[in-house]
1. Would you list 206, 113 from fewest to most Cβ contacts within 10 Å?
2. Give, in whole angstrom and from largest to smallest, the semi-axes √(5λ) of the equivalent ellipsoid of segment 51-202, with λ running over the eigenvalues of the Cα gyration tensor.
3. Among DSSP beta bridges lying fully in the chain, give the percent that are antiparallel, nearest 5.
4. Which three lengths, in whole Å and largest first, does the chain cover when its Cα atoms are put on their principal axes?
5. Give me 268, 157 sorted ascending by neighbouring Cβ count inside 10 Å, so fewest comes first.
6. Quick check: the distance between the Cα centres of segment 101-145 and segment 251-277, to the nearest angstrom?
7. So for segment 147-273, what percent of the C-alpha to C-alpha distances run longer than 23 Å?
C-alpha cells in the first residue's frame, strides 16, 4: 500500500496516473493512418485465342481495396499496336465515388487484323492521384485459313459466252473455298460491287446461303467454311449500258461478318456490246 505524507502529494500522484494513459491514446491516434488504394484487372471474352478479324470483348474492373472512399476515378481501356476499337464509344468512364470494397466495370469491343500476341491495357486513377492501378490483357490472334476465290461469267443457260449485249441477263458464278485450311473460318460474307453498266437482278447460294442486293451492290448472308469446304454463289445481272471500250469488271470481296475485315478479293472482266440491228 502507498502512503503519502500530504494530501497535495496524493493529488499529484493521482493526476499522473490519469494523464499517462491519455497520452498513450493520443500517440496511438496520431499513428492511425487510413489507406487509399485500388486494384484493376481485365478479362478477354469469349476466349484468349481469337481469329484475325473477329471482334473480342475486354472487360476492365476496378476495385477499391482501401478503407476510404475514392472520388472521381477514371477507368479506361486502350488497345495497343495492331488492336483497334470496334465502334465509337468512349474508352473510359468517370466514377464519381467508389466506396471501400466496391467494384465498377467497363466493357468495350476490339479487333485485330494482324496475327500474333496482342495487348489491351486497363487503368484506373483517382483524380487527386492518391490511388492508381493498371494491368493488361493478353490475346493471341490466329491467322485465318487460306481463302480462295474463283469467279466466272456464264450466259443465262450457264454456258461460257464471254460477250453480252445490252438488255441481256447473264450470271457470275463465284466459288469460295477454305483451301488446305486447318481451322474453321470465322463467319464470312461476300460483297459484290457492280460497274455502272450492270444492274443486280437476283442471286442464290448453296448450303442455305442467300444473296440480297439492289442496283450496283449485292451481299450474301453469313456462312462458315470447314477445311477444304466450298461455298458456291450465282449472281444474275443485267446489261444496262455499254462502256466506252466494251470491257467492264465486277469485283467480289470476302469480308468477316463481324468487323467487316476484307480477307480476299476476286475480279472478273466481261465484254459488253450494243445489240445487233
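1. Numbers: 206 11, 113 15.
Listed from fewest to most nearby Cβ atoms, that is 206, 113.
2. Largest first, segment 51-202 gives 53, 18, 10 Å.
3. 95 percent
4. Computed over the chain, the largest-to-smallest principal extents equal 143, 35, 28 Å.
5. 157, 268
6. Cα centroid of segment 101-145 versus Cα centroid of segment 251-277: 38 Å apart.
7. Pairs farther apart than 23 Å: 29 percent.
Values in this text are rule-based calculations from the coordinates and carry no lab data. No experiment lies behind these values; they were computed from the predicted model shown. All Cβ positions, glycine included, derive from the backbone under ideal geometry; neighbour counts span all protein chains shown.
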